[in-house]
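Chemist: Shown below is the structure under consideration.
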Amino acid sequence: MTVLTIVLGLAGLGVVVFFHELGHFAMARLAGVEVEEFSLGWGPRLISRKLGATAYTISAFPIGGYCRMKGEDSYRKAIEAGLDEFPRERGSYFGATPLRRILIAAGGPLMNVVFAFIVYTVIMASGYEVQSYENRIILASAYDGDRYPADEIGLETGDRISSINGTTITTFSELQEAIALSARKSIDLGVDRNGQLLTISVKPELDKTTGAGRVGVYPWVDTILAAVNPQGPAALAGLRPGDQIQSVMGTATPHTIELYSVLDEMKPERAEIRYLRDGVEKEATLVLSYDDGVGADLGISWLTVSREVRANGPLDALAMGAAETTSTISDTYRGLASLFMGVDLFKAVSGPARITWMVGTVAIGSVTGGGAAGASGIDLSLALNFLAILSIGLFAMNMLPIPLLDGGSIVLFIVELLRRKAAKVKTVLRYQTVGMVAVAMLLIVSTIGDVLFFSGK
């Protein structure tokens, strides 16, 4: 990870965590619980000013923040003093009613949802372009020798997927998203096969490395050059945007998968190609080099199709923002459920290091234009969208009924509300111990996964 990637990644995480703590702060104030300190960042205090009962602080490390409420340390004091119940001072966290504590605990996760909703609404109002490939497919089995659901149901290379469950689609990204979210669930594909319309049902299998569904198809990408790196092999061989590669080393290349397959198999240092320019066939030689485990970089980006998404006015932006927020929450919990379906946890669960790297990488891509094929300039919608997804992820995780998390606290306070009696300190201690073990196991798994990820394994 570069220093810039780390810095941007930590800043992105900090924004999401800060809004989470802001939610706890706002709800605590509404519930009448004193907030002793609200800090932007962690670590040594740089600036601190007390207004009323609350010290507002800016700390050295701008990574999120924290909200310290009066009486939060009652748990520790009760254990040290051997008390059966928590001290319940006026204006303290445990002095509040169970219902108010539920609202305070839920305030953080709910603020993450509000943050995501605002971000999605702004994105929809501003509009953005989706860069993808067309909805024509290639069977993966023809290139890796495995067998997939696409082979079982009779899909063919060259088929065009025109609809999913009756909804028209025009890009491969729409197909990819629907399949990824439908592991082990049947979906109906509308298939255009040389003008003949078919309806074929498929049940995507679970990819145990990602937790997503897959059917075994690649996008059909015509070998038409959209852009050429001036210092890359293609430019040095005289190729230009708009050229279409017809063959390489004497083998016809109707699509990019075939092109790269030939190069990966033969690994020629000098690749002879034929290409079309303005209807005239020409020849050229690409001088290539190969890195271990990585195919040759031709210095080419391929022609894509773009789809603009933009709201029709403020009300439509709000509606689209709400729909996107709801959809992301649903997709996130589906992803969490897939962790119990036999996926490889070391690959599917990301820890703090990998999340920081991903946030930083997306932020850099959004500024350099690396987030979309052929894009240039600044595309902040990419980074904002990722922060919204991360914010929803923080909401979803914190609302799980696991001790130490906000959801675990809410469960404890609901039980207290129903019983009309506070739990004993020893009961809470046992409950929190279970949570400590669960969180520790999750951190171990995610840390091992991060190490394997960055070591390339």
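Chemist: Taking amide hydrogens as modeled 1.01 Å from N in the peptide plane, which residues meet the under 5 Å criterion relative to G71, leaving out close sequence neighbours?
Modeler: It is Y93, by chain and number.
Chemist: While we're looking at this one, here's another question. Along the charge dipole of the range 225-302, pointing to its positive end and built from +1/-1 on Cβ of Lys, Arg, Asp and Glu, which listed residue (L236, L263, L298) has its Cα farthest out?
Modeler: L236
Chemist: When ranked by the protection proxy of mean other Cβ atoms within 10 Å per residue, highest first, what sequence do the peptides 85-98, 26-39 form? Intermediate results must be reported in sequence, preceding the final value.
Modeler: On the way: 85-98: 16.9, 26-39: 19.1.
Put in order of decreasing packing, that is 26-39, 85-98.
Chemist: Give the share of C-alpha pairs in each 5 angstrom bin for the range 266-337, from 0 to the last occupied bin, in whole percents, shortest bins first.
Modeler: Once binned at 5 Å, the Cα pair distances of the range 266-337 give 3, 10, 10, 11, 9, 8, 8, 8, 9, 14, 8, 0.
Chemist: Right, something else. What nm value, rounded to one decimal, do you get for the distance between V309 and E156 when each label is placed 7 Å out toward the C-beta?
Modeler: Using points 7 Å along Cα→Cβ, the separation is 3.4 nm.
Chemist: As a footprinting exposure proxy, order D243, D406 by other Cβ within 10 Å, with the fewest listed first. Spell out each step's value before the answer.
Modeler: Details: D243 21, D406 26.
Going from least to most buried by this count: D243, D406.
Chemist: Could you give me the ³J(HN,Hα) list for the range 192-201, computed from phi with Karplus coefficients 6.51, -1.76, 1.60 and θ = phi - 60°, whole Hz, x at Gly and Pro?
Modeler: Karplus-based 3J(HN,Hα) across the range 192-201 equals 9, 10, 6, x, 8, 8, 10, 10, 10, 8 Hz.
Here, each number is a calculation from the coordinates, and none is a lab measurement. These figures come from a predicted structure and were not determined experimentally. Cβ: placed from backbone, ideal geometry, glycine included. Neighbour counts: every protein chain shown.
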